[in-house]
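Notes follow once the structure below has been shown.
The numbers here are math on the coordinates, done by the rules we state, and not lab data. Keep in mind that what you see is a predicted model, and the values were worked out from it rather than measured. Please note: Cβ atoms are built from the backbone with ideal geometry, for glycine as well, and neighbour counts cover all protein chains shown.
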Amino acid sequence: MKQSAFAFLESERLILRRFADADLLPFLSYLNDPLVARYQTWESYTERGAKEVIEQQRNLEPGMPGQWFSFALELKETRTLIGHVSFKMEEDRQQTEIGFTLARMYHRQGLAFEASACVIDYLFGELGLHRVTAIVDCENERSISLLSRLGMRREGHFVENIWFKGKWGSEYAYAVLRDEWLSKRPKPLAPL
């Protein structure tokens, strides 16, 4: 695996960067939106909890095994924080799991696709990884659609494998290999 200090990534409409102190209020806003949190591990975030996440991410380098690294998504047009894409490196340093979260008002605009594709390019290119995975709630139709559009294949269906927000939940496992991504990187579609 290649290793270099992270500065920022850029896509057509987004800057993917480290979190900053100025991100606190928009970060708290989307984390505490019940629609956004519906399929996430949290119900809500306190100001203190959000500050701790921002502080932890500030000096974390991408690709540390067992650590989630989060790219803050800044909309170029307005310089506004609109969400984040995170990844967690496996101990073998060849595989990682990704996840994404966007503020509600930025859903259905192709921004999650754009940001996730940019991150996957980085993971396979800059970090030289072999495999990228994602776990998604079976009821989360939009995320399932996004993972498919990204060219990830469904590799598993875990039935009632997780106690989640007061009930048993089921999940799908998705993955894409470096060679697959590089040979047929998906093109963005028009926003839904």
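Key figures
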item: From phi via Karplus (6.51, -1.76, 1.60), per-residue ³J(HN,Hα) for the stretch 8-14 in Hz, x at Gly/Pro; result: 6, 10, 9, 10, 4, 10, 10
item: For the stretch 46-81 versus the stretch 129-165, the gap between their alpha-carbon centres in whole angstrom; result: 22 Å
item: Cα-projected label distance for Asp21 with Ser170, points at 7 Å along beta-carbon direction, nm; result: 4.8 nm
item: Fewest-first ranking of Ser143, Ser116, using other Cβ atoms within 10 Å as the exposure measure; result: Ser143, Ser116
item: Amide H partners (placed H, <5 Å) of Phe164, local residues excluded; result: Gly169
item: Footprinting exposure proxy for Glu91, Glu180 (fewest neighbouring C-beta atoms within 10 Å first); result: Glu91, Glu180
item: 5 angstrom amide H check on Thr80, placed H, neighbours 5+ away; result: Leu75
item: In Hz, Karplus ³J(HN,Hα) per residue of the stretch 138-144 (6.51, -1.76, 1.60; θ = phi - 60°; x = Gly, Pro); result: 4, 8, 8, 4, 5, 5, 4
item: Approximate spin-label separation Asp121-Leu182, in nm, with each point projected 7 Å along Cα-to-Cβ; result: 1.6 nm
item: Net charge of neighbours whose Cβ lies under 9 Å from the Cβ of Ile135, counting Lys and Arg as +1 and Asp and Glu as -1; result: -3
item: Electrostatic dipole magnitude of the stretch 9-135 [Cβ: Lys, Arg +1; Asp, Glu -1; Cα centre; debye, to 20]; result: 260 debye
item: Candidate values [x] 17.1; [y] 20.8; [z] 19.9, label of the one derived for Kirkwood radius over Cα pairs in Å; result: [x]
item: Cβ-defined net charge surrounding Tyr45, 12 Å radius [Lys, Arg +1; Asp, Glu -1]; result: -2
item: Those trypsin sites (Lys or Arg not before Pro) in the stretch 26-74 that DSSP places in a loop and that have at most 15 other beta carbons within 10 Å; result: Arg38
item: Neighbour-limited loop hits for GluC sites (Glu not before Pro), the stretch 9-71 (at most 14 other Cβ within 10 Å; DSSP other than H, G, I, E, B); result: Glu12, Glu43
item: Residue order, fewest to most beta carbons within 10 Å, for Phe19, Phe27, Phe6; result: Phe6, Phe19, Phe27
item: Rel. contact order, % - alpha carbon contacts under 8 angstrom, at least six apart, the chain; result: 18 percent
